[in-house]
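A short write-up of the structure that comes next.
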Amino acid sequence: MNIFAQSVTFPANRGMIPAMTGMAGNGVAGHFARQIKKERLAHGWSLAELGRRTGLDPAHLGRVESSHRPPTEAIAAALDTVFPERRGWFTDWLSESREWAEIPATFRSWPDYEDRAATIRTWNPGIIGGLVQCEEYARALIAVQPGVTAEIMAARLAARAERQRRVLERQDSPPSVWIIVDEMALYREVGTPAVMAAQLRHLAEVSARPQVTLTVMRAIAHAANASGFVLADDAAWCEHLAAGGVYTEPQTVSMLAQRFDSLRAECYRASESLAMIDRTTEIWASGVSPLTRMATAASA
């Protein structure tokens, strides 16, 4: 399935890694993963115990250890803390490996790109994006996904909150953030009317941050219906039905930037967007859906 409603051709697997499947356990890229397992087993620890000692999610550590997810600087630092005898090897290896020809650029995880970006642009069709979700809204979205346990729910909520903190509250060279909200997301009920009112109030609060520009995309035809995406300088993250992927190939990132600009050109102005959010918040806060109110008014 194409990422966008209109035909888009991506270079075959070039500059993209939805997971590290092609590198699992192989070559230089698998060395980091093998070292985690080696040290963990040498200490007689389970993944759960390693997670407890590092403060990291054991399931995610398992994916990194099996080479299905790339490590982050935070993971490397945590491993160096619990394995002091390695004398900082995990952080040093991860840092140095970025310059090796044998390691694809996409071995870096998405947070590493986002943490260094001077400019972040984000779009999600149909729902409010994770970067600006309040906890109640995020919880309601996660709850409708099949197979979600209480542990998975807690981990995903924590991950979203951490990402928001890293991006929106970064103190050292905070990024300039442009968020495009789909107009239809203002009317789609997620959770309850009270949850929707809380979410839209949160949008208004985020839009007041000095480094944030938030605009609402009109409910018209456009070229990015089928996937949300985030642009962080020279990299992009695209969402898919089953998994997401990091794209670093310049042609692909440039194409996505053009798509974002085409969306931005059709948005309401920032002041108009905020006024629309405020009006819609009042309706949700009254306990009814804006769609219900419009249908009632039309039939009157």
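Descriptive notes on the structure:
- For T213, the requirement of being out of contact with any Cys (no Cβ under 6 Å at 6 or more places or on another chain), among the polar types (S, T, N, Q) and over 15 Å from I283 (Cβ atoms) is met.
- Filtering the range 203-220 to residues that are among the aliphatic types (A, V, I, L, M) and at pLDDT 95 or above leaves L203, A204, V206, A208, V212, L214, V216, M217.
- Those helices (runs of 4 or more DSSP H) lying entirely in the range 124-210 with at least 3 residues loosely packed, with under 15 Cβ neighbours inside 10 Å and free of Cβ contacts under 8 Å to residues at least 40 places away in the same chain: 150-168
- If only residues of the range 77-86 that are free of Cβ contacts under 8 Å to residues at least 24 places away in the same chain and open to solvent by less than 80 Å² (accessible area, probe 1.4 Å) are counted, the one that is farthest from G44 (Cα to Cα) is A77.
- On inspection, A198 fails the criterion of being among the aliphatic types (A, V, I, L, M) and farther than 18 Å from A138 by Cα.
- When we screen P70, P111 for residues that are open to solvent by less than 30 Å² (accessible area, probe 1.4 Å) and either among the acidic types (D, E) or touching a residue at least 40 places away in the same chain (Cβ under 8 Å) (or both), the only hit is P70.
- Here the condition is being open to solvent by less than 20 Å² (accessible area, probe 1.4 Å) and at pLDDT 55 or above; of L41, L47, L61, L56, it holds for L61 alone.
The values are calculated or read from the model by the stated rules, or taken from the named source; none is laboratory data. If you're wondering where the values come from, they're calculated on a predicted model, not measured in any experiment. For neighbour counting, all protein chains shown are included, and Cβ atoms are generated from backbone atoms with ideal geometry for every residue, glycine included. Just the protein is used for accessible areas: all its heavy atoms, side chains included, with ligands, DNA and RNA removed. Shrake-Rupley method; radii C 1.70, N 1.55, O 1.52, S 1.80 Å.
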